[in-house]
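**Student:** After the structure tokens below, expect a handful of questions from me.
Derivation of every value follows stated rules applied to the coordinates shown; laboratory data play no part. All of these numbers come straight from a predicted model, not from anything done at the bench. When we count neighbours, we look across all protein chains shown, and the Cβ atoms used for this are built from the backbone with ideal geometry, even at glycine.
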Amino acid sequence: MSKIMELVGGNTEFIMLSIYAIVITIAVTIAISVVAKRLKFAKYLPGIFLITIGIFVLFSVINDLFNPANVNSIAIFLIGCSSGVISLLVALIFGIIQNGR
């Protein structure tokens, strides 16, 4: 357990960056969902965009994936895809809430 705490404690910048990205993505998804009520697909665009960016970054370093110099690219992939999936889930929840009204 102490080794896990050491690893997490040493990489706080990636954790904070991912939390900021997720919060900003949720805010953008909610704002688009409120502004574009009639356009049902618009609320899904931030999530699709972030997942696309994450996959593009992964494919750009796929040949040299385990090189320590590519840690930032892998972090961008993980943050982009996780923020994109969370954005899609928030958009789905807002879609269910809006259909209930």
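**Student:** Given (1) farther than 21 Å from residue 99 by Cβ; (2) under 14 Å from the mean Cα position of the chain (by Cα), where does residue 66 come up short, assuming only one miss?
**Tutor:** Here residue 66 clears every test but (2).
**Student:** Shifting gears a bit: What pairs come out if I take residues in region 52-71 that are farther than 16 Å from residue 14 by Cα and pair them with residues that are β-branched (Val, Ile, Thr) and part of a helix (DSSP H, G or I) whose C-beta lies under 8 Å away, six or more apart or interchain?
**Tutor:** 53/76; 57/76; 58/74; 61/74; 65/74
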